[in-house]
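Read through the structure below, which is laid out as structure tokens, and then see the notes.
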Amino acid sequence: MRLLILLICTLFMLSKHSSAADEYLSRASRDWQIRGGVGMTSFRDFATSPLTYRGYSAGISLGRLKTDSLRHRSFSIHFYSGNTKPLSLYDLRTIEAHSSVLMLDYARLYRIRPGFLKRTALFAGAQLSANGIYRVNAGLMNNALGLDGGVSLMASFKLLRDVSRTESRRIKVLFIPIRLKERNRSLYWQFNGGMFNTNFRNGFAYGSLKQTTNQFPLPGDYRLNAFSGLRFSSDLAIRQWLSNGNAIQLNYHWDFYSSGRKFEPLEFAIHSLGFSFFFNTRRS
Amino acid sequence: MKSQVFIIALFMLTINVCLTSCEKAFIKPNQASKDPYANFEYLWKQCDEKYSFFELKQVDWKKVHDDYKAKIYTGISDDSLFSVMGSMLNELRDDHSNLISYFNVSAYRNSLKVQPNIFWRTITDNYLNKSFVTTGPFVHDFLSNGRVGYIRFAAFTGQINSGNLNYVLNRYANTKGIILDMRRNGGGAVSDVFALLSRFVEQETTVFKVRIKSGTGHNEFSNPEDARVKPASGSSFKGKVILLIDRGTYSAGSFTALGMKALPNITLMGDTTGGGLGLPNGGQLPNGWTYRFSITQTLGLNGENFENGVPPDIYQLFDWNDLSRDEVLDAAMDELLK
């Protein structure tokens, strides 16, 4: 807790020293983001299996972003779904698990050390992330359904670099002349590290009494495990603005979650390559 | 510009490598293993920590470990390893304990170790009309000139719904009573248990209690929770009911028997059920085989443990010397008509 307070205070102190940033990075916008992507999901729930399950997944995200020269705020919902298979020494084609993940992120970042590098901005702040992980694996009989939830308060850092092409250029590809127009582009990398992670997970025996007590299955034997587990995520993206103020983006998203060692843990990781559209609703 | 593209590419590559390394730093490598000792120890430990009936069944699990580990050797075939580990699970004397591989399923098969108390052909040949009715999972008909309803319920297939229950109970609403025959009902969907019980209660009723393993000690359990049944909105049966049970009545069948034992208008007749009142889990071994074993205990309203079987109120056995009569069914009809 002390670390968090210290971090937040430091960020506020640094952000007070903001000066006029360069024009491009100071641009204010409010965008809706729609993202689709494909990736690789892997998970392992030690309560039911020591094997890692891995497979392809598809994802979709919806986000609302508000940015200006000093602050970046965003709220986004992500949903990933796909089928996974155990990484086993046997051919277990009949054992397959379906997994889906729902994530809600709210991030608030403040610019620090403005002007310290040309065409580069550094932001820091916090992200509150909630995630629900759902898996179905019929091979696990009464443990076929797995449902886990978690909330993490994460420290966030975002490095933004203006990589715009400011002058048009002519190049030749296989003797064909091509004119490259001016483009407004940025590259950013955001890293989030969980500081306080809480999860909601089935108890010691990983089973529910509710099946045999004729009651609603949740909360059942589920326990709230405060300050337990790990969570990291990051985004690496290149964004290009269009002439109408909207933008397109190619990004790589990575998310890792572990429920902690109180009971046999759940580990979950997503690597996803996605394409986004940004619709700017604040034209200036 | 070229240098900028190069820097970007290098940046992305560095980040990717860092992220992948970061993830691997926090998770253990995949633990897939064909090592027979690793798989044996994994299964033994899972049972040791989570199985719910060691004390009741007086199983010395550490001795079982030593006895069966001695049968394993490096290079043992899959078939032999399966045989050893399946036999180890059978020491639990619990049909909810199974080892499942791609080539075999181990089972204790308690129902094959006891005398059956029903012969279905005796009932179809000598008691039912040839036009008996099948409604969902129920086979049913009138007996004793329409004075008794007979309902055969052979398995909990998860098919019970308000439609088939309403039809069956309405059909026998004007009889002197019904016989619900669950002999050799090996269980299935637990949801069916409460769907069935809800048609025989007039107010919310606690029918049994359940507790789950909560720690590694053999006797570490959660506090018992009540299993309650509310009256269903559809048809219910207020008359006398005889539930027929035997050693083949297992799992969801035993849950139903225990639940009905708590209801005043229902009499249990036949033989003690086979038990199976622990809810099984499900898990996977490092070699990919799967397993299950009981992780809960079900207790009577006074805390009695019926894992070894729910006893009948009236003890009655089938006479295998005369296949023209079902003595259990005869006794049930006599009980309803007296």
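The values are calculated or read from the model by the stated rules, or taken from the named source; none is laboratory data. Nothing here was measured: the structure is a model prediction, and the numbers come from that model. Cβ atoms come from the backbone with ideal geometry, glycine included; neighbour counts cover every protein chain shown.
Could you list all residues from segment A:40-62 that are aliphatic (A, V, I, L, M), touching a residue at least 60 places away in the same chain (Cβ under 8 Å) and outside any loop (DSSP other than H, G, I, E, B)? Break it down stepwise before answering.
Going residue by residue through segment A:40-62, those that are aliphatic (A, V, I, L, M) are A:40, A:47, A:51, A:58, A:60, A:62.
In the following step, the residues that additionally are touching a residue at least 60 places away in the same chain (Cβ under 8 Å) were identified as A:40, A:47.
A:MET40 - this is the single residue of segment A:40-62 that is aliphatic (A, V, I, L, M), touching a residue at least 60 places away in the same chain (Cβ under 8 Å) and outside any loop (DSSP other than H, G, I, E, B).
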(message) Could you go through segment A:94-109 and let me know if any residue there is free of Cβ contacts under 8 Å to residues at least 12 places away in the same chain and out of contact with any Cys (no Cβ under 9 Å at 6 or more places or on another chain).
(response) no
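Being in a helix (DSSP H, G or I) and closer than 30 Å to B:ILE151 by Cα is the filter here, so list the residues in segment B:76-119 that pass it.
Across segment B:76-119, the qualifying residues are B:ASN110, B:SER111, B:LEU112.
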(request) Within segment A:199-224, work out how many residues are more than 13 Å from chain B (Cβ to nearest Cβ) and either at positive phi or surrounded by fewer than 19 Cβ atoms within 10 Å (Cβ to Cβ) (or both). (result) 3
(request) Only strands (runs of 3 or more DSSP E) wholly contained in segment B:204-259 count here; list those with 1 or more residues that are crowded, with 24+ Cβ neighbours inside 10 Å, more than 11 Å from chain A (Cβ to nearest Cβ) and modelled with pLDDT of 95 or more. (result) B:240-245
(request) State yes or no: is A:LEU117 surrounded by fewer than 18 Cβ atoms within 10 Å (Cβ to Cβ) and touching a residue at least 60 places away in the same chain (Cβ under 8 Å)? (result) no
(message) When the residues of segment B:139-161 are narrowed to those that are of a type in the set (S, T, N, Q) and more than 13 Å from B:VAL193 (Cα to Cα), which ends up surrounded by the fewest Cβ atoms within 10 Å (Cβ to Cβ)?
(response) B:ASN145
(message) If I filter segment B:19-29 for residues that are among the β-branched types (Val, Ile, Thr), at pLDDT 95 or above and in a loop (DSSP other than H, G, I, E, B), do I get at least one hit?
(response) no
(request) Please state which of the following conditions B:LEU128 fails to meet, knowing it meets all the rest: (1) free of Cβ contacts under 8 Å to residues at least 24 places away in the same chain; (2) touching a strand residue (DSSP E or B) at 6+ places or on another chain (Cβ under 7 Å); (3) within 30 Å of B:GLU220 (Cβ to Cβ). (result) (3)
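Rundown of residues vs (1) under 13 Å from the mean Cα position of the chain (by Cα); (2) within 27 Å of B:ASN98 (Cα to Cα), yes/no style:
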{"site": "B:PRO224", "(1), (2)": "no, yes"}
{"site": "B:VAL229", "(1), (2)": "no, no"}
{"site": "B:ALA252", "(1), (2)": "yes, yes"}
{"site": "B:GLY283", "(1), (2)": "no, yes"}
{"site": "B:ASN287", "(1), (2)": "no, yes"}
{"site": "B:VAL310", "(1), (2)": "no, yes"}
{"site": "B:ASP313", "(1), (2)": "no, no"}
{"site": "B:GLU335", "(1), (2)": "no, no"}
(message) When you scan segment A:101-110, do you find a residue that is farther than 21 Å from A:LEU224 by Cα and within 14 Å of another protein chain (Cβ to nearest Cβ), even just one?
(response) no
